[in-house]
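What follows is a short report on a single structure.
The values are calculated or read from the model by the stated rules, or taken from the named source; none is laboratory data. Remember, it's a predicted structure, so these values are computed and weren't measured experimentally. As a convention, Cβ positions derive from the backbone with ideal geometry for all residues, glycine included, and neighbour counts pool all protein chains shown.
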Amino acid sequence: MMRCLATGFAAIAFLIAHPTCRGEPEVSAPRGDVELLVAKGAEYLSEKEYLAWQKEVASRPDIKSDLLAMLRRAFEVDKNVQALGRALSALQLRADLTDVELTEILRPLITLQNATALDRLQISYAYAGLQVLNNYPSKEHEDLGITYLLRPELHARLGAARALAQIGTERSLVPLRTLAEDLKPPDGLSDDSYTTVLQAIASIEKRLQAADAGAPDAAPPDTPEPPPTTPDEGSAKPPQVANPSARSTDEVSAGSKMGWIGGGALVVIAVVLLVVQLRRHDGRSKAGRH
C-alpha cells in the first residue's frame, strides 16, 4: 500500500517538476563561473578592474555559448530584466559573433519591430539588444535601427540611437534629427535622452566627414557602460539593460499554454494509474481475508 502511494506521488512530482509540463522551454544552462564573471561587471570596480573585466568578457573564446544561454533563460524562461541586461551588456562587448549567433539575437528584435506595444521586458531587449550591433555595421542592421527609432517607446528609440551612433550612415540622420526635435527640452534645461540623440548625430556626421576627407572610418565603438538596472520608461536617462530568444514572445506564450495542457493531461493519467493500483491492492487484501 505505502509502496503504491510512494510510486504514484513520485510520478506526479516528476511530471509537475519537468519544465515541459510547466510550459517552460528547455534551455541549456550556462556555467556558474561565467555567470559570476558577467555579474562582476555590475559591481563597484575601479577603472583598471573594469577595463580588465571588459577585456576578459570580450576576448574569452569559450564563453559565447554561455552568454547566449544566459540570454535565453532570462528572456524566455525567467523573464528577468536584470539578468537580461547583464547578458546583453556582455554580448555588446563581443566583436566575434557568428552570423548564426547574431541571427539568434536579432530574431526577437525583428519579430517585435512592428508590434503594437512592447512590455517592459521587450523594451529592455530592444534597448540593449540593438546595441549588440555596434560592432556589426550593415545596411540591414541600420534599417532595423531606423525602424526602432520610429517606435513609441522611449528606451527602444534610444537603444536604436546608440546603435546608429556606431553603425549609422547618412540615411540615419533625418530620423535621428526628427527624434532630437521630439526630445528637445525647453531652453535652459538639459535632458540626457536629447543629448544621447545629439551625440549619435554628431558621431555619424564625424564619420561621414572623415570618409569624405579620405581618412579612416570613425573611431572604434564607444566602450559600453556598466550594465545598470531595470529601465523605467518614465525616467530621463535610460539604464543599459539589454538570449537571444529563438522564438518570439507570442510563440513562447503559445508553447507555455500547450505545455500546461500536456502536463495537466499527464498528471491526470498518473492519478488514474495510482487509483487503479490502490483498488487492485484493496481487492487483493479483501481476497486474502476471505
Task: Scope region 108-126; condition farther than 16 Å from ARG157 by Cβ and buried (at least 16 other Cβ atoms within 10 Å of the Cβ); matching residues - done: PRO108, THR111, LEU121
- [ ] Mind listing whichever residues of region 179-203 are surrounded by 13 or more Cβ atoms within 10 Å (Cβ to Cβ) and either on the phi > 0 side of the Ramachandran plot or among the hydroxyl-bearing types (Ser, Thr, Tyr) (or both)?
- [x] SER193, TYR194, THR195, THR196, SER203
- [ ] Enumerate the helices (runs of 4 or more DSSP H) found wholly within region 47-92, keeping only those where 3 or more residues are over 17 Å from the mean Cα position of the chain (by Cα).
- [x] 47-59
TODO: May I ask you to say which residue of GLU56, GLU76, GLU104, GLU35 is modelled with pLDDT of 95 or more, acidic (Asp, Glu) and crowded, with 21+ Cβ neighbours inside 10 Å?
DONE: GLU76
Open item on the list: Every residue in region 174-208 that is within 11 Å of LEU149 (Cβ to Cβ) and not hydroxyl-bearing (Ser, Thr, Tyr), please.
Closed with: VAL174, PRO175, LEU176, ARG177, LEU179, ALA180, ASP182, VAL197, ALA200
TODO: Answer yes or no as to whether LEU144 is in contact with a helix residue (DSSP H, G or I) (Cβ under 8 Å, 6 or more places away or on another chain), within 19 Å of ALA39 (Cβ to Cβ) and at pLDDT 95 or above.
DONE: no
Open item on the list: Going through LEU183, LEU208, LEU173, LEU189 one at a time, which residue ends up being under 27 Å from the mean Cα position of the chain (by Cα) and aliphatic (A, V, I, L, M)?
Closed with: LEU183
Task: Restricting region 152-163 to residues that are over 15 Å from PRO108 (Cα atoms) and not acidic (Asp, Glu), the residue that is nearest to the chain's Cα centre (by Cα) - done: HIS155
